[in-house]
Amino acid sequence: MNGTTEATGSHEGPERRVRVVLVDDHRMFRTGVQAEIGRTEETGVEVIGEAADVDQAVTVITATRPEVVLLDVHLPGGGGVEVLRRCAPFMGAVENPVRFLALSVSDAAEDVIGVIRGGARGYVTKTITGADLVDSVFRVQDGDAVFSPRLAGFVLDAFASTDAPPVDEDLDRLTQREREVLRLIARGYAYKEIAKQLFISVKTVESHVSAVLRKLQLSNRHELTRWATARRLV
């Protein structure tokens with residue numbers, strides 16, 4: 001794995017600590033991150049809680065008030081954006097704010113911009129090394145913005161450019177999971193294939209598709225495909 005930020009080493013060691021919650025729906029990944037960065041006496045990172053979906057995440061964050069949350073973008077229950085929305089009061093606290101660092105396999109611009117709009121302080125991909133992730137956690141605790149180099153460019157484009165496209169209000173009505181289903185439907189996937197890819201039931205896929213059609217005021221998957229294609233989501 002190649003690191004995506006530069007570790008300075010200045011924050012390593014037990015003389016400084018940061019309390020972290022891991023939010024990811026894959027237990028093996030959480031276990032791996034815990035093993036990699038959670039050796040508190042070596043890294044200074046103390047993992048004080050874990051969560052696998054949106055509701056668990058909000059419950060754990062509310063109970064523990066960590067300094068940094070490592071947040072996956074794609075989560076059952078509405079995705080990382082929903083966690084950020086529900087935890088907004090903690091991010092805005094004057095004393096001891098909770099800061100969020102997105103840690104995801106996705107490097108899609110819409111995912112990155114979505115969580116940054118939601119209040120995350122940074123976004124790194126899962127190719128990051130353990131040492132660089134520790135450094136990124138401490139930098140986010142300090143209030144810095146941290147991005148994998150390839151991602152920083154389009155974040156700047158989206159937020160700094162006067163020519164940046166306006167927020168798509170229709171798209172913003174959809175949850176993260178609904179966007180995933182929308183994209184796969186538009187690519188021609190069958191419900192059964194979508195269920196397999198997203199590790200959900202066919203019935204759940206049908207529910208998401210119904211919700212998407214209702215929110216976008218569309219009648220069928222063909223209209224949905226045209227809608228997604230027009231917005232270059234496919």
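State the number of residues belonging to the range 208-234 that are free of Cβ contacts under 8 Å to residues at least 60 places away in the same chain and surrounded by 14 or more Cβ atoms within 10 Å (Cβ to Cβ).
Selection size over the range 208-234: 14.
For SER210, state whether it is over 23 Å from the mean Cα position of the chain (by Cα), among the small types (Gly, Ala, Ser) and in a helix (DSSP H, G or I). Judged against the criteria, SER210 is a match.
A short reminder: the numbers here are calculations on the coordinates, not readings from a lab. Just so we're clear, the structure is a prediction, and the values are computed from it rather than from any experiment. All Cβ positions, glycine included, derive from the backbone under ideal geometry; neighbour counts span all protein chains shown.
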